[in-house]
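The values are calculated or read from the model by the stated rules, or taken from the named source; none is laboratory data. Note that the structure is a prediction, hence the values are computed from the model and not measured. Positions of Cβ are backbone-derived with ideal geometry, glycine not excepted, and every protein chain shown enters the neighbour counts. Accessible surface is based on the protein model in full, side chains and every heavy atom, while ligands, DNA and RNA are left aside. Shrake-Rupley method; radii C 1.70, N 1.55, O 1.52, S 1.80 Å.
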Amino acid sequence: MSAVAVADAERIKLSTTRSVLWTAAAVAVLSIGLAALQGSTAYGAAPLPSEKAATGVAVFGVPVLMVLAAMTVTGEYRSSMIRTTFMATPDRTLVLVAKAVVAALFSAVYTAMMTIAAAVVGRLMAPPLVGANLSLIDPDTWRLIGAMTLYAALTAVLGVGVAALLRHSAGAVAVLLLWPLLVEPVLGNLPSIGSEVGPYLPFANVFRFIDVQWLYPAYAIPWGVVGSLLYFATVVAVVYAAAIVVVNRRDA
Amino acid sequence: MDSMIELAGLTKVFGRTRAVDDLSCSVEPGMVTGFLGPNGAGKTTTMRLILGLDHPTAGTATIDGRAYREISDPLRTVGALLDARQAHPNRSARNHLRWIAATNRIPARRVDEVLDLVGLMPVAGKNAGTLSLGMSQRLGIAAALLGDPPVLLFDEPVNGLDPEGIRWVRTLMRTLAGEGRTVFVSSHLLAEMANTADRLVVIGKGKLIASTTVAEFVGRSGAETVRVRSPELDTLRRVLTEAGLTAETDHGSALVVRGAAIEVIGDLAARNAITLHELSAQRASLEEAYMQLTDEVTEYRAVSR
């Protein structure tokens, strides 16, 4: 199957530049370090919920992996290597699918590992009572790990889509980071319209799904938690589909 | 092996510029076909259209009857060098070839074969960004040869190369054509093509000027002249003028006759018993012929005041 061959090539690309390895290592250190900090500075008798320990992974780790996914596309445009890619695989839809699949798998597996590590490290660093919930036999922890994995996979696809539309690293990174970290919190906190647009902000929805507290107010979202996941997935799908259409029409 | 490149009415319009304008020609296997034109004539765009990177405004470009995008595992049919710097700067030369091979299910051992072939084995582990221009060019050629393709396209392959590199590329192209492959090489340098190409496709401002052999191209330009030296220069000039030919004095002791076959002048001299000290065809240099043909279609010309 040529789809497998193309995905294999994308895997080789991802694993043969040092910047990817360095970025991945830095992300893990910072995300898990935050969990360690949260564990060690927690006090009182209330147990620390597992999603608190995962805040670093959700707010810092996954967005950086999303940028990394974007770089797998913009990096090729910058070095003109995209032409080599399209010469080897003229089916551009297949190229974008392979990129999304490889980036999503990498992000998902890596995020799952980071989330587990964050829970374990948080528990080790916390006083016994506080760390009681950070347990790998607690079903809530596994629900969190599953939700984080889905969140990471979807954002990786979003990264590939936005990058393919914009082609430039700076633009793609600006959109991918400023949107969830700045635009959505600002929109959501606007006095009059915040509560009206809030429920329709994609990252507010996905953060509701993973149940991690961030800068978003608690909106009255008209659909359930799974609905929030589907809403975010739909936004990702629309951006990604637009990218496929545009890349196929464009001269490389 | 019938691996012809065929262009039929190929047209590409960017905004108001017709980069490639109704281009029709065929490029045949077993020889080197030079693709000539001044800078900005549309050579690179034509190659990108053949490779399916750009969408034509009109017309078709096919290889062996198929559009590039319809060929499965295209690197096994067509190899191309467009731009030397077309690799990720922080990936090693070998890994760059590895992922390209993977896409078209080319066996991994082929990577080392082509690295050896282009002489990059000693730097195979070095990052592509640290390679010199000449080495990058070799890496690009290695990528083109990876699938052992019957059709090869090279866009300005000797640009920026040292004399040794130029000789290497020239020999390689001759060898590839000798193996029966279709070799299509673009250049804006005529002199280079004169030594390498069997046929020429010449374009200017996106339009086809000539598709012919190198010899024919020079002849067709009408720049062929005959130089004749004689102690009886005045008599000779009179005879030539009576025969309807234009002769110009060249450095006092010789005449230069334009647009006449060498036999005609020799016969005229013999019939009139004129002693000749020299009778030679002054083949126009390819460069001259090229300038003459592309003169009116050169887009950017230095204006001398």
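Per-structure values
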item: Fraction of accessible area attributable to carbon and sulfur, the protein assembly as shown (%, probe 1.4 Å); result: 60
item: Radius ratio Rg over Rh of the protein assembly as shown, counting only Cα atoms, Kirkwood formula for Rh; result: 1.19
item: Label-point separation, residue A:250 to residue B:121 (7 Å along Cα→Cβ), nm; result: 4.1
item: Approximate shape of segment A:123-252 as ellipsoid semi-axes (Cα gyration tensor, √5λ), whole Å, largest first; result: 30, 20, 14
item: Surface accessible to a 1.4 Å probe, per residue, for the residues of the protein assembly as shown, Å²; result: 44
item: All lysines inside 23 Å of residue B:43 as judged from Cα atoms, apart from same-chain residues fewer than 8 positions distant; result: B:12, B:205, B:207
item: Solvent-accessible area of residue A:83 with every protein chain in place, 1.4 Å probe, in Å² to the nearest 10; result: 60
item: Relative counts (whole %) of C-alpha pair distances in segment B:1-89, using bins that are 10 Å wide; result: 15, 48, 31, 5
item: For chain B, convex hull of alpha carbons as volume per residue, Å³; result: 181
item: Spin-label zone in segment A:62-103 - amide nitrogen under 19 Å from a point set 7 Å from the Cα of residue A:241 along the C-beta vector; result: A:92-98, A:100-101
item: Relative contact order, percent, segment B:1-135 [alpha-carbon distance under 8 Å, six or more residues apart]; result: 21
item: Fully extended contour minus Cα-Cα distance, from residue A:41 to residue A:182, at 0.36 nm per residue; result: 48.1 nm
item: Among beta bridges that DSSP assigns inside the protein assembly as shown, antiparallel share in %, nearest 5; result: 65
item: Threshold 10 Å², segment B:76-92 residues less accessible with all protein chains present than alone (1.4 Å probe); result: B:80, B:82, B:83, B:85, B:86, B:87, B:88, B:89, B:90, B:91
item: Proximal aspartates and glutamates relative to residue A:13, as straight alpha-carbon distance under 12 Å, when same-chain residues fewer than 8 apart are discounted; result: A:76
item: Normalised contact order of chain B, rounded percent, pairs of Cα under 8 Å and 6 or more residues apart; result: 21
item: Relative contact order, percent, chain A [alpha-carbon distance under 8 Å, six or more residues apart]; result: 25
